Amino acid sequence: MNDPQCTQFLADIRKPLLALHKAILDHERAAYEKEFGPVTPAAFLQVLINGSGFRWLTPLSTVIASVDEILDDDEADAGDRLAIAEAVVGLFSPDQPNNTFLPRYLPLLQADPAILHHHGEVAQLLRGVQAK
């Protein structure tokens, strides 16, 4: 993938990743509240940050932050952008060693239609970049 394609991929996948992240958080919050009762947004944020049961989301959150940073960094070079694009692709790749995200993520595709919908948007962009 050349640098313009990489930059376009990162710009295109940003919003679908954010939507997917939100859908996962909504699902996880509903499950949490079903078990522990209603919580305020601030309290749930603390659970996300400090709760070991949500550490599996860290790779997705980190990739989204990295995409935002690289798109805003005027001094980033082609190698930096390519590394972030590869991190996005790797996050959704079952071939990626030690992928802590996928084992918890994949069952959610069958559990929540909103997650499946947003996954489809991300997957379409991933297929497009892998074909290049």
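All of the numbers you see were taken from the coordinates with simple rules; none came from a lab. The shown structure was predicted, so the numbers you read here are calculated from the model rather than taken from an experiment.
What whole-number distance in Å separates the alpha-carbon centres of region 6-56 and region 59-78? What the calculation gives is 19 Å, centre to centre.
When its C-alpha radius of gyration is set against 2.2 N^0.38 Å (N residues), the chain gives a value of 1.11. Based on C-alpha pairs under 8 angstrom that are at least 6 apart in sequence, the chain has a relative contact order of 41 percent. Coupling constants for region 47-54 follow from the phi torsions by the Karplus curve (6.51 cos²θ - 1.76 cosθ + 1.60, θ = phi - 60°), and in residue order they are 5, 4, 6, 9, x, 5, x, 10 Hz; glycine and proline get x. Once the Cα atoms are used to define both axes, helix 58-72 deviates from the longest principal axis of the chain by about 40 degrees. Taking the chain as a Gaussian network of alpha-carbon nodes connected by springs under 10 Å, the highest mean-square fluctuation of the residues LEU91, LEU17, LEU45 belongs to LEU45. Can you list residues from other chains, or at least 5 along the same chain, whose modelled amide H is less than 5 Å from the amide H of GLN96? Residues meeting the criterion, in which the H sits 1.01 Å from N, do not exist here.
For region 7-23, 3J(HN,Hα) computed residue by residue from phi via the Karplus equation (6.51, -1.76, 1.60; θ = phi - 60°) reads 4, 5, 4, 4, 5, 6, 8, 4, 5, x, 5, 4, 5, 5, 4, 5, 4 Hz, glycine and proline entered as x.
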